[in-house]
Amino acid sequence: NTCPRSAEYYLVNRREAPTSEALVFGGAVHKGLEHYYLHEDLESVFTSIYDHFAKNPPASITYRTPERAVELLELYMSRYPREQEPFKILVDKDSKPFVEVPFRVPMGMKKVRNAIPYPEALIVEDGDPDKPSVYVNTLHFMWTGKIDMVVQDQSDKIWILDHKTTSIAGPTFYDQFILAQQMMGYTYATSYMLEHPCAGLFLNALVCRKPTKTGKGFEFHRQKFPYHQDHINEWKRDVLAIANDFVNHLVAGYFPKVTAWCMGKYGKCKYHETCMLQPDQRMMMLQSSNYSPVTWSPLD
């Protein structure tokens, strides 16, 4: 969605840098909340946090420790007892709660009718690594992801409930959800799967700031963001346009870099050192210990 070159390195070459402290912390909190809302024992809530940190060690840790995540969840559970929540979690036809729901729904298609100049193993699952290219006739686009929860409020409206951890909870943080591509996509997918309109996003924000002498820096905020169907329709056109651009770069065998994204709000791009090298040295850098294979999938 930002720099095509970083999309190539992550989505085509399937290489990524070590996970940041903030992402590991957020993932651990998500794991704890998953166990909490599945009505599992509280010990499993805390165990899941430590397990997540053990399986996904961040490059470095400052204040976002597993102990801090446990402290945050303890306060959250005191603030929001399960039996007093202003919503009920929907269940599927097999009575399984809609908690951490992976999905894969159709979006559209594109006639390619061209050879993709990348090794087949990079483009096709279980493809031949010795085959230097692969001919593609038609691509079918699927929208995939994992929804934290699907809930129904006291007025019977259906919402996707998404947990977000953040250290900054000002207007800029909340304004990003008004037209959020991820959340509109979840709304689209939920409406598709349930065959019933989904109203939009129920944001569940957990604020965790760096501890200070005057306080622990924990806050909790909730806010609803309804999405009009016209915006959902436009979102779908936007996503297909972005996918179309990606495929055009894929067919051309060249993804241009957009240097405006070398330094973003989360710091330096994780591929910055790779792009600094001469073109014939970049693949060696990507295959070095500075990066590791991309293994995450929302469908797992």
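The values are calculated or read from the model by the stated rules, or taken from the named source; none is laboratory data. From a predicted model like this one, the values you see are computed outputs, not experimental measurements. Positions of Cβ are generated from backbone atoms using ideal geometry, with glycine treated the same way; all protein chains shown enter the neighbour counts. With ligands, DNA and RNA removed, areas are computed over all heavy atoms of the protein, side chains included. Shrake-Rupley method; radii C 1.70, N 1.55, O 1.52, S 1.80 Å.
For this structure, a couple of remarks:
- Across Lys88/Lys111; Lys110/Lys146; Lys31/Lys265; Lys55/Lys224, pairs whose alpha-carbon gap is larger than 31 Å: Lys88/Lys111; Lys55/Lys224
- The listed residues Trp296, Trp143 rank as Trp296, Trp143 when sorted by accessible area, largest first, using a 1.4 Å probe.
- The stretch 61-105: C-alpha gyration tensor shape, a/c 1.5 cut-off, then a/b vs b/c: oblate
- For the chain, the longest principal axis of the alpha carbon atoms and the long axis of helix 181-194 meet at an angle near 80°.
- Per-residue HN-Hα couplings for the stretch 61-74 [Karplus 6.51, -1.76, 1.60; θ = phi - 60°; Hz; x = Gly/Pro]: 10, 9, 10, 8, 9, x, 5, 5, 5, 4, 4, 4, 5, 4
- Prolate/oblate/rounded call for the stretch 1-127, Cα gyration tensor, a/c under 1.5 rounded: oblate
- Protection proxy ranking of 195-207, 166-178 - average other beta-carbon atoms within 10 Å, highest first: 195-207, 166-178
- Compared with the dominant principal axis of the Cα atoms in the chain, helix 42-55 is inclined by about 20°.
- With every protein chain in place, the stretch 187-300: carbon and sulfur % of accessible area (1.4 Å): 57
- With Cα atoms, 0 to 90° folded angle of helix 229-252 axis to the chain main axis: 30
- Positive dipole terminus of the stretch 1-158, leading residue within Gly27, Tyr76, Val105 (C-beta point charges): Val105
- Taking every alpha-carbon pair in the stretch 123-168 and binning the separations at 10 Å intervals from zero gives 17, 25, 20, 19, 16, 3 percent.
- DSSP finds beta bridges in the chain, and of those with both partners inside it, around 80 percent are antiparallel.
- Here Thr65 sits with roughly 40 square angstrom of accessible surface, probe radius 1.4 Å.
- The orientation-averaged projected area of the convex hull spanned by the Cα atoms of the stretch 101-205 comes to 9.6 nm².
- Accessible surface, the chain, averaged per residue in Å² (probe 1.4 Å): 57
- Size of electric dipole in the chain: Cβ of Lys, Arg +1 and of Asp, Glu -1, about Cα centre, debye, nearest 20: 900
- The stretch 209-252, dipole about Cα centre (Lys/Arg Cβ +1, Asp/Glu Cβ -1), debye to the nearest 20: 600
- Calculated FRET efficiency, Phe141 to Glu234, Cβ-Cβ distance, R0 = 22 Å: about 0.85 to the nearest 0.05.
- Where N is the number of residues in the stretch 22-78, Cα Rg divided by 2.2 N^0.38 Å: 1.03
- Answer label for Cα extents along the principal axes in Å (calculated), chosen among [x] 58, 47, 35; [y] 55, 44, 39; [z] 68, 45, 38: [x]
- Computed E for Ser95/Lys131 - FRET, C-beta separation, R0 51 angstrom, nearest 0.05: 0.65
- Centre separation in Å (Cα based) which lies between the stretch 5-40 and the stretch 124-152: 19
- Sorted peptide list for 128-135, 81-88, criterion being average Cβ within 10 angstrom, highest first: 128-135, 81-88
- Debye-sum result for the stretch 58-138 in log10 I(q)/I(0), which assumes one identical scatterer on each alpha carbon, at q = 0.13, 0.24, 0.25 Å⁻¹: -0.81, -1.16, -1.18
- Peptides 89-102, 23-36 ranked from most to least packed by the mean count of surrounding Cβ atoms within 10 Å: 23-36, 89-102.
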